[in-house]
Each structure stands twice: as structure tokens, then as C-alpha cells.
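A short worksheet on the structure shown next.
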Amino acid sequence: MSAPWRRTIKSTVARSLHALGLAEAIGAVSRRRYRPLVLCYHRVVQRMQSEAHAMPAMQITQDMLARQLRWVGRSHRFVALDELAAAHQGADQAGAAPVAAVTFDDGYRDVAEHGLPVLRALGVPATVFVVTDLAGGAGIPLHDRLYRLLHTAAARWGKGGCLSLAALRELGVSPEVLLGAVPAGSGSAATLTELLCARVTCAALGELVAALESAVGVDESDLDELRILDWPAIRALDRAGVTIGSHTQTHIILPLESRARVRRELAESRQELAAELGHGVDCFAYPAGRFSAADVEAVAAAGYAHACTTCRHRHAAFPQLTVPRKHLWENCCKGADGQFSGAVMSAQINGIFEVLRACSDRHAERPADLDQAPVRQDPLPCLPPLAAGGAATQSLTMTSSTDSAGLAESRPLAETTHAVLRRTELWTR
């Protein structure tokens, strides 16, 4: 379904529910209105960048951010994340207005450049979750690099071309690394990026990015707008009253990594932030919002007092370490006319659309083999690449061979692994 049609349907549903007063009623039934409201953003830009340059769902313009915050501010009182639990309990007991908090994941440089002026103008406190290894070198998140490469490769070789089994072997990447990660029909760069990042270990993802960079080429200066805040800028935000929290050292997806690595990244990112800021840090956000019960326990053991997810699941023993958030971006609250819609915003905040896409993560479980797995320091093993020359480029275009003998080699990875994905139950989003 095209974006305009989706927007029209969402707008019609939202306006109908809003007119009948059902959005708030449904929100109350689902208990969303009885939880503190936490908003999750990523980048703040002056104008939306093209899909060729950045993932749309990671962006929001200054104007739209201000519109959304003003709308929430009419019914909620904004507080800092570390004040959320106490303020929510107090508001509930006193019958006062509910409270809300604002967060930004990854620590993009444009949050300070374009987001902070909006927050200051509206008097809204905020928390920024930082990936510490990237902050040390003002780096670029792996998911942004992957998205740009997949978009470039799709434009050059066609959707799926860069993820065919033959292409992966030509690139020197073992197809088994990505086996089962991508279901059939996931052709867009944004969808592929989301699926791969949610299902593939950080080491394997880095291997794929390095291989694609070698084959596609990358201009580092063209990625400047995606850079993460450096330490001086993070310290400046801290002095300005913005709460700084951890988003791990390398943006690992906790359930996909060994417990040893999870414990190390949780502890060391918190220690590094404390050393750079000169005070303790007790807020954390799970990368991609994903976690298992063991991960929550590890977050508690690392000393965090507050941790945010992106789904409604709460850990009974650690509710403050599984605080749900609502991910918002530029287009998520637009009506059929392409403008901000209070009705659609109400539907988003009250969880109307989540009924159709409930979280399918098994939060109580972790893959058994990860519990005892050693922390991997080296890249995952690769099949040796074929000889250099034109063969690699030629194989990258092989996505629909009719030769039955070579079909398994040339069919896109998305198609050849669809059955495996179903069988191993790797659907997580």
C-alpha cells in the first residue's frame, strides 16, 4: 500500500474515533493513559532529507517537533525522565494533569543544533541517549551507513541485488551470517535496514557494511549530517540541563549478543559517561527497544535506575527499567492533506494503531547459545571472495535466474531464506 493511501486510511480512522471520543476511551482501556507518556525521537532537521540520504522515520523537522510537543503540552506536564515515576504517581494521586517526558536516541549532532532551540522555546526538558564509542570519534551509526549503502546498491543493481547469495559470496560475506534475517518482500532499503539491524549481531552487520562499502564506495563527507555528538557537545548539552543517558557503547541489540558483551557494554558506557560528565548517569535506552528478561536484569545490575523501551511490555520486578515510549517522526501524525492532524496525533498517543502491530518479541527468552557464547572480538568468518574483476559486479545483478541448477545461488536472499525465517521464528517486529 502506498504512503498516501496509508495516510488517508489512518486519517479517516483517527478522525472518526476522535469525533466519537473513542480514541481516549480506547487508550484508557489499553491502560496507556495510566502510564507516563514518553516520546522517542532521533534526528531533528531543518527540512526533511531525501530518502537517498537518510531514513525518513529517523527524522522530524523543527516545525513538526514544535507542533507535536505543543499538542502534548495541552494535556500533559513535561518532566525530566528521572522525575517521571514520582511525578506520575503524584499526579495520579492528586488527580492532576498526567506527565510526559521527551527522549532522543543515538545522540545525533542535529539534536543539539536544531532540537535544543525548540525545547528551550517551549520549556520542555529532554533526555539524550548516547552511543559512547561513536561519541568518542563523532562517528556515524552503523544502521545509517547500512541504509545509505543499501539504498545506493538498490538504485544501482535493483532491489535485492546486493543481498543475493551469489553477491554476498562475491563480496566476501558468508551468506549464513544473514540467513533468515530478511523475509520475502522486504525490498526497500529502510525495511531491509530495520530487519537486519533487529536480527543480526553487531559484528555480522559490520562485516556486511564493510563489504558493501568496498563494493559500492562511500564518500565520508556526504555522511556528515549523520554524525553523532562529540564529547564537548555532549558536555554542553549536560550543562544546558539536558539529561544524558547510555545507549550502549556500540548500539548492540542486547538479545542478539552474548551476556558477557551485554554486561560489558552496559557497565563501560555508563562509566565513560560519568567520567566525561563528572557525575553519575542512571538512565538507559535499549537499542531498537529490544530486550529480554536477562537483559533487564543486566541493566539493573549495571546500576541504572531508569530504562526505556519502545513497546508496552513491562518487567514485573523492574517496571522502571522497562518504560514504554512512543516513537514519533515527521509523517506519523499527518492527515490525508499532508499536514499535522490532532486526530491522528491522538490516535498515535493512545495506541490505536498499535493494535495492528503489537510487539511480537519474546521478552522472557534469549537464544540459548548466546548465554554461554564467548565475546567475539574478531569478525565472523567469511567465505573467500572470488577473483577480483568484473565477475563480482555481474553477479550482483543476478536476482532472478531461470536456470534451475543455479537458482539457489542467484535468487535474492529474501526469497531463499523465507522458509528458514518462518521455521526459526525470527519474526521480532
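Check whether at least one residue in region 246-253 is part of a strand (DSSP E or B) and either modelled with pLDDT of 95 or more or closer than 20 Å to residue 321 by Cβ (or both), and report yes or no. The answer is yes, given that some residue of region 246-253 is part of a strand (DSSP E or B) and either modelled with pLDDT of 95 or more or closer than 20 Å to residue 321 by Cβ (or both).
Would you confirm whether or not region 335-344 contains a residue that is of a type in the set (A, V, I, L, M), in contact with a Gly (Cβ under 8 Å, 6 or more places away or on another chain) and either at positive phi or touching a residue at least 24 places away in the same chain (Cβ under 8 Å) (or both)? Scanning region 335-344, I find at least one residue that is of a type in the set (A, V, I, L, M), in contact with a Gly (Cβ under 8 Å, 6 or more places away or on another chain) and either at positive phi or touching a residue at least 24 places away in the same chain (Cβ under 8 Å) (or both), so the answer is yes.
Quick check on residue 260: is it small (Gly, Ala, Ser), in contact with a Pro (Cβ under 8 Å, 6 or more places away or on another chain), more than 18 Å from residue 39 (Cα to Cα) and modelled with pLDDT of 95 or more? So residue 260 fits the description; yes. Checked against (1) loosely packed, with under 15 Cβ neighbours inside 10 Å; (2) in contact with a helix residue (DSSP H, G or I) (Cβ under 6 Å, 6 or more places away or on another chain); (3) among the small types (Gly, Ala, Ser), residue 112 meets all criteria but (1). Under the condition of being part of a helix (DSSP H, G or I) and surrounded by 19 or more Cβ atoms within 10 Å (Cβ to Cβ), which residue from region 228-239 is farthest from the chain's Cα centre (by Cα)? Once the filter is applied, the top-ranked residue is 237. In this structure, does residue 70 turn out to be at pLDDT 95 or above, over 30 Å from residue 153 (Cα atoms), exposed (fewer than 15 other Cβ atoms within 10 Å of the Cβ) and not polar (S, T, N, Q)? Yes; evaluated as a whole, the condition is true for this residue. The sole residue among 265, 225, 257 that is over 27 Å from residue 306 (Cβ atoms) and either surrounded by 17 or more Cβ atoms within 10 Å (Cβ to Cβ) or out of contact with any Leu (no Cβ under 8 Å at 6 or more places or on another chain) (or both) is 225.
The values are calculated or read from the model by the stated rules, or taken from the named source; none is laboratory data. The model shown is predicted, which means the values in this text are computed figures rather than measured ones. All Cβ positions, glycine included, derive from the backbone under ideal geometry; neighbour counts span all protein chains shown.
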